[in-house]
Amino acid sequence: MAHQLVLVLDFGGQYNQLIARRVRECNVYCEVRPFTTSIEEIKALNPAGIIFTGGPNSVYLDSSPTISKEIFELNIPILGICYGCQLMAYLLGGSVKTAKVSEYGKINLCAIKESLILEDVDKESVVWMSHTDYIDKAPDGFEIIAKTDNCPCAAMQNVSKKLYAVQFHPEVTHTQFGKQILKNFIFNVCECTGDWVMDDFIENTVSSLRDKIGDKQVILGLSGGVDSSVAAALLSKAIGKQLTCVFVDQGLMRKDEGDFVEKTFTSMFDMNFVRVDCKDVFLTKLKGVTEPEQKRRIISEEFYKVFWDKIKTLADGDAYFAQGTIYPDRIESGKGASADKAGSAVIKTHHNMGKIPDDVKFLGVIEPLGDLFKDEVRSVGEKLGIPHELVWRQPFPGPGLGVRIVGEITDEKIRILQNADFVLRDEMAKNGYEKNLSQFFCVFTGSKAVGVMGDHRTYENVIAIRAVTTDDFMTADWARIPYDILAEVSNRITNEVDGVNRIVYDITSKPPGTVEWE
């Protein structure tokens, strides 16, 4: 699958994935590689453009990540962002110093010269800054095109060499014209055509899967989440009954979710579907356990055991193993990029089913979504006809409701939480408010409260509602759900769910809290 490529070289920036996503939103294929990627490999990749990410280091320190100056002689357009901006200046003979006044957060930017990357950008706009160093002197051949009150070189360019740099972060939503600036670089400078289209991805992927798999069988671990579901649909389209999906229902999913997953995949897709119901096994293992991390460990270990025990009955060494790994699961984490100059950057190994046991043999591992970000996976899912409620399923923790029940997990607590959570979701859907939220759910708090129902005193369970809004889940704000919606949710849960007499609303942001409770 040949597409124009924009290469993101990661120097330890926390927004490395976000930059790549922004590029792909312009229908241009983009990959993230560590700053240690060799010049020879970069030449072989033949990118239409290169973007240097930000990073936490100072470019003038010997221990800081860097790159060969040869990269600037490849006649490939380059955009430096934050640390990448300073690195470009430093390597090409400019001066970078510690700023007398650091800039963090929203800062007013003033464009002082016309530029291809500032086309359709207001002369005065708001950008997101995060730096303690600044460019004191731009390299020869560069001209300054934007400034702020405390940063004399907020953006610079060398038009003849197609080198551009910005001290701020255009990839974050806080930068007013950030998307436009990236778009300008991609199309005005790199002259990309925008050939990364999901319809083409589906057609090309299905064709390549058929060529690779031939007449062999494929076994896929289906969690019921977005990624594994879309992977299953793609494989089903490619090879039909040669695909077997193994779905482990540990009893900790949302109400009726196991049945929904089974009905969806058995009715819509041509495949073999194997469901393993093992709720009792999990409850037995979790009896008496209250510590959150211990619960997570038990659920994870037991899940893998049940899953692989089932796989052993299906795998004979003459089949492929498939999983829903996506691009953010496998690309450079960014944290290792600044850790050592030699480049011992660590690649994340987020395989959905963990390490394949030594006694299970496969022809190989297939990851049909390995090049996609989550939003692209959802787009593929919609085009493949997967139901909206599954494609747009909110993030759900691996241990399921096990980490939304504070204290020991019991069958009764699962029942109560499933029913309360169902009411919350039903009301959000009825009011059309779910589209305003990044994630929302109920928590079984483990607390009890005195109440009055009818003429009787009650002492029943307290359910908490958690709802947040966020762009990236690195930080999150509690959602301002209208009071009338909260009132209806509270009224319905206390009336419809036996064992609950009080509802509370969590108004903690992240930080200091986390999205989940355990």
The chain - charge dipole about Cα centre, Lys and Arg +1 at Cβ, Asp and Glu -1, debye rounded to 20 = 520 debye
Can you give the angle from 0 to 90° between the axis of helix 483-496 and the longest principal axis of the chain, with both taken from C-alpha atoms, to the nearest 10?
-> 30 degrees
Note down, for the chain, the three equivalent ellipsoid semi-axes (square root of 5 times each alpha carbon gyration tensor eigenvalue), biggest first, whole angstrom.
-> 45, 31, 20
Under the definition of Cα pairs under 8 Å and six or more residues apart, what whole-number percent is the relative contact order of the chain?
-> 12 percent
Grab the beta carbon distance between residue 309 and residue 149, set R0 = 45 Å, and tell me the FRET efficiency rounded to 0.05.
-> 0.10
Starting from the Cα of residue 457, move 7 Å in the Cα-to-Cβ direction to define the label point; list residues of region 476-518 whose amide nitrogen is under 15 Å from there.
-> none
Counting alpha carbon pairs within less than 8 Å and at least 6 residues apart, what relative contact order, in whole percent, applies to region 406-483?
-> 25 percent
Kindly flag which residue pairs out of 255/430; 123/179; 212/374; 69/100; 43/179; 255/448 have an alpha-carbon separation exceeding 20 Å in this structure.
-> 212/374; 69/100; 43/179; 255/448
Taking only protein heavy atoms and a 1.4 Å probe, the highest-to-lowest accessible-area order of 82, 26 is 26, 82
Determine the relative contact order of region 1-119: mean sequence separation of Cα pairs under 8 Å and six or more apart, normalised by residue count, in whole percent.
-> 24 percent
Rounded to the nearest 0.05, what FRET efficiency do residue 43 and residue 191 give with R0 = 22 Å and r taken as the Cβ-Cβ distance? Could you check?
-> 0.70
Quickly work out the residue 276-to-residue 507 label distance, labels modelled 7 Å from Cα along the C-beta direction, and quote it in nm with one decimal.
-> 4.6 nm
Could you state the angle between the C-alpha long axis of helix 257-268 and the longest principal axis of the C-alpha atoms of the chain, as a value from 0 to 90 degrees rounded to the nearest 10?
-> 70 degrees
Region 241-298 and region 59-116: distance between their alpha carbon centers, rounded to Å | 50 Å
Once phi is turned into ³J(HN,Hα) by the Karplus curve 6.51 cos²θ - 1.76 cosθ + 1.60 with θ = phi - 60°, what whole-Hz value does each residue of region 204-211 show in order, with x for glycine and proline?
-> 5, 5, 4, 5, 5, 5, 4, 5
Honestly region 162-286 on the Cα gyration tensor test (a ≥ b ≥ c root eigenvalues; a/c under 1.5 rounded, otherwise a/b vs b/c for prolate or oblate) is just oblate
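The values are calculated or read from the model by the stated rules, or taken from the named source; none is laboratory data. This is a predicted model, so every value here is computed, not measured. Backbone-built Cβ (ideal geometry, glycine too); neighbour counts: all protein chains shown. The accessibility values were calculated without ligands, DNA or RNA, using every heavy atom of the protein model including side chains. Shrake-Rupley method; radii C 1.70, N 1.55, O 1.52, S 1.80 Å.
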